[in-house]
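For reference, the structure discussed in these notes is given below.
Bear in mind that the values in this text are calculations on the coordinates, not laboratory data. Just so we're clear, the structure is a prediction, and the values are computed from it rather than from any experiment. Don't worry about glycine lacking a Cβ; one is built from the backbone with ideal geometry, like all the others, and counts go over all protein chains shown.
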Amino acid sequence: MLSSADKIRLYKQMLLIRRLEERVAESYGEQEIGGFTHLYIGQEAVAVGAISALNNDDYVISTYRDHGHYLARGGDPKKFMAELFGRETGICRGKGGSMHLADVENHFFGGTGIVGGSLPIAVGMGLACSYRDDDRVVMCLFGDGATNQGVFHESLNFAKLWNLPVVFVCENNFYGIGTDVRIASALTEVHKKASAYGLPGYRVNGMDVLEVRKLCDDVVGLVRGGAGPALIEARCYRYQGHSMTDPGRYRARAEEELWRKRDPIPRLAASLLSAGLLSEERIAELEREVDDVCEEAVAFASDSPRPALSSLYEDVYNETYPSDPHA
Amino acid sequence: MREIRYYEALNEALAEEMRRDENVFVMGEDVGLFGGTFRVTEGLMAEFGARRVRDTPIAEAGIVGLAIGAAFAGTRPVPELMTMNFAIVAMDQIINHASKMRYMFGGQIDIPLTIRAAGGGGTQKGAQHSHSIESWFVNAPGIRVVIPSTPADAKGLLKTSIRSNDPVLFIEHEMLYSVRGPVPEDGEDLIPFGVADVKRSGSDLTIVAWSKMMHEALRAAEALDAEGISAEVIDPRTLDPFDWDAVLGSVSRTRRCVVAEEGWRTVGVGAEIASRVTEALFYELEAPVQRVGAVDVPLPYAKNLEAAALPNAQDIVRAALKITT
């Protein structure tokens, strides 16, 4: 059972992701942020509900839509914004950008720009856990598009074959960039794909953080206990386009409106208000706190220096040789 | 010194490193019960068990991806891809993930990973099973490329690869597995990366060659010797990092250079070596650097066509004579 403090923490985390992402959109418009930037707005309940079910030393690995995962894992908002701004103080020293956030101190092993690319890597981390016989689990978050990639199938097979502690969390937002899941996937109920490899497959309302958390508590517990890997399909919706450059012409406005009514943040607020766990005043206070964090993050990023040109040559290898590029 | 075969040297290196470090484990297709397609992992399952010698499904992208993840989490996996041909199936994991993640993440992680695979043609396996594609990987920063020609180099370099904290692609050659040579028994006799080996000294010409082509180069040097031409044969042994000092030092003495590789000649590693030698030693060279490589066609099956497509000692001799006489 979650305490009221836990629930308020989930609320605040979702709010932080939402508000920071709004600042990301603003800064992208101001050309402070470049490249591909995939916003997480709308899907906050999945990252927050799922990742909060883990222990601190469990492993988390993500995809290119990784902002929410990084933040839910406890990543520093300042280093996040600085990374997006391409600054030296960014979590990846300005080398990764939006799609490649990693925060190894928090056991967050990053985003990858290749759809499905992180799935076998997640299974490999599970293999290391099993090899060492520790009781960590790995959580691997990815989109519905990844379930049509070959490595998705290889990964589920490997994970089940070796009974590895991996929780696959598919965020089914119904679109792979602009292609409807019904056009791309012979089986649109992603959780059923688990059965081909003998994994349990679960479906959860990804717009309800408490439901996500409850299912993940149960599933993570089973996986940690040695039950083998599992697949969770969290049905959710991204309110923005696939990336900042996507006007989203392929979706019906009515559909977007319908999902906006299911917004996970007001939903939890309403539930906490009606249960008397939060007041309007406290909500306003939380919003101010979150806005301050966002303000600080943007200020920190824009005040930070760009990476020194000498850093261009650093971080390729752990061990360097004379034939490597040098400043 | 005792002599053993190339595959036995690799087997010794694996066994010694697995005894030395509990975090080292082997995985791949037929590496366990079967003992490895080329016998390199023979006996390892009996000694180390199925936990550390893992038979996998035929899923090369998965094999490499799993190894990357296991390396992230602190182990030292040594996946075998059976052959370089299947590295192409795993290309996304090798190039997009293994070679880039350390850099993309600003140096937050190390990926101590050694991918072993057999390359090369010459056994009539046809177009999809005869690749010498080391240049593809040398082209990409972030992964070391090790390509030994002798049993001693195979053992010493595999041990260095496994102890390295960076991803390594370790390319063996199908036709070298049965080659015998002296190999030190001392388990700490490692060969460092980025140090070329002069396999034969000479004064008129430098031949740069690796893997099976190093042996062709030695044969060519014998033939040239009969013509009164003294050829030096240099084996870089690792293509990334590369021992430019050794190659440039040798060519600055001999003033002539032939680069011989089994891969396609166009945009091969030889092109890079020829270019660097020319940039550094243009005014000292007596003749243009010559490149020997495979004909730019998919490797054919028929014995005579395959032989015509692959470079050999005679091709090296011809290239050498072109710039020495």
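About its Cα centre, what dipole magnitude does the range B:197-324 give when the only charges are +1 on Lys and Arg Cβ and -1 on Asp and Glu Cβ, stated in debye to the nearest 20?
Numbers: 14 positive and 20 negative charges, 47 e Å.
Here the size comes out at about 220 debye.
All other residues whose Cβ lies under 11 angstrom from that of A:Asn205 are scored, Lys and Arg at +1 and Asp and Glu at -1, for a net of +2.
Determine the shielding of peptide B:72-79 by partner chains: average, over its residues, the number of Cβ atoms on other chains within 10 angstrom of each Cβ.
Numbers: counts 11, 15, 4, 7, 0, 4, 0, 1.
For peptide B:72-79, the averaged partner shielding equals 5.
Considering only beta bridges that DSSP places wholly inside the protein assembly as shown, some 15 percent are antiparallel. Each Lys and Arg Cβ is given +1 and each Asp and Glu Cβ -1; about its Cα centre, chain B then shows a dipole of about 300 debye.
Taking Cα pairs under 8 Å and at least six residues apart, what relative contact order does the range B:2-183 come out at, in percent? Can you show the working numbers first?
On the way: 367 pairs, mean separation 50.9, N = 182.
Contact order relative to length: 28 percent.
Remark: relative contact order (the range A:1-160) = 21 percent; criterion is Cα-Cα distance under 8 angstrom and separation of 6 or more residues.
Distance from the Cα centroid of the range B:120-176 to that of the range B:10-74 is 17 Å (rounded to whole angstrom). Using only the Cα atoms of the range A:1-132, build the gyration tensor, take square roots of its eigenvalues as a ≥ b ≥ c, and label the shape rounded, prolate or oblate: rounded if a/c is under 1.5, else prolate if a/b is larger than b/c, else oblate. Cα axes put the range A:1-132 in the oblate bin. According to the square roots a ≥ b ≥ c of the eigenvalues of the Cα gyration tensor, what is the shape class of the range A:163-275, taking rounded for a/c under 1.5, prolate for a/b larger than b/c otherwise, and oblate for the remainder? Oblate, since a/c reaches 1.5 and b/c is not below a/b. Secondary structure note: in the range B:2-183, about 15% of the DSSP beta bridges are antiparallel.
Count Lys and Arg as plus one, Asp and Glu as minus one, and take only other residues whose Cβ is under 12 Å from that of B:Gly181; the net charge is then +2.
From the helices alone, meaning DSSP H stretches of at least four residues, give me the mean residue ellipticity at 222 nm for the protein assembly as shown, per-run term -39500 (n - 2.57), in deg cm²/dmol to the nearest 500. Mind showing how you got there, number by number?
On the way: 22 runs with 253 residues, N = 652.
Rounded to the nearest 500, the figure is -12000 deg cm²/dmol.
The distance linking the range A:153-175 with the range B:81-99 is 21 Å (Cα centroid to Cα centroid, whole angstrom). Among DSSP beta bridges lying fully in the range B:197-324, give the percent that are antiparallel, nearest 5. Of the beta bridges lying entirely in the range B:197-324, close to 20 percent run antiparallel.
Binning the C-alpha pair distances of the range B:197-324 at 5 Å intervals from 0 yields a P(r) profile of 2, 12, 23, 25, 20, 10, 5, 2, 0 %, listed from the shortest bin outward. The dipole here belongs to the protein assembly as shown: it is taken about the Cα centre, uses +1 on the Cβ of Lys and Arg and -1 on the Cβ of Asp and Glu, and is about 1240 debye.
Taking the range B:2-183 on its own, what percent of its Cα-Cα pair distances exceed 25 Å? Before the final figure, lay out each step's value.
Working: 4281 of 16471 pairs.
Pairs farther apart than 25 Å: 26 percent.
Checking the table A:Lys12/A:Lys192; A:Lys7/A:Lys79; A:Lys7/A:Lys214; B:Lys100/B:Lys155; B:Lys125/B:Lys303 against a 21 Å threshold on Cα-Cα, which pairs fail? Kindly include the intermediate steps, with their values, before the conclusion.
Numbers: A:Lys12/A:Lys192 33 Å; A:Lys7/A:Lys79 26 Å; A:Lys7/A:Lys214 12 Å; B:Lys100/B:Lys155 27 Å; B:Lys125/B:Lys303 10 Å.
Over 21 Å Cα-Cα: A:Lys12/A:Lys192; A:Lys7/A:Lys79; B:Lys100/B:Lys155.
Projected onto its three principal axes, the C-alpha set of the protein assembly as shown covers 97, 54, 45 Å, listed from the longest axis down.
Defining a contact as two alpha carbons under 8 Å apart and six or more residues distant in sequence, what relative contact order in percent does the range B:197-324 show?
Values: 237 pairs, mean separation 36.1, N = 128.
So the answer I get is 28 percent.
Taking a ≥ b ≥ c as the square roots of the eigenvalues of the Cα gyration tensor, chain A is classed as rounded, since a/c falls below 1.5. Grouping the Cα pair distances of chain B into 10 Å bins from zero gives a pair-distance distribution of 6, 27, 34, 23, 8, 1 percent in increasing distance order.
Set the Förster distance to 22 Å, then compute FRET efficiency between B:Asp186 and B:Asn165 from the Cβ-Cβ distance, nearest 0.05. Rounded to the nearest 0.05, the efficiency is 0.45. Separation of the range A:272-327 from the range A:75-91 is 4 Å, based on Cα centroids.
When Cβ neighbours within 10 Å are restricted to other protein chains, what is their mean count per residue of peptide B:235-246?
Details: counts 0, 1, 0, 2, 1, 4, 7, 4, 3, 2, 2, 0.
Per-residue shielding by partner chains comes out at 2.
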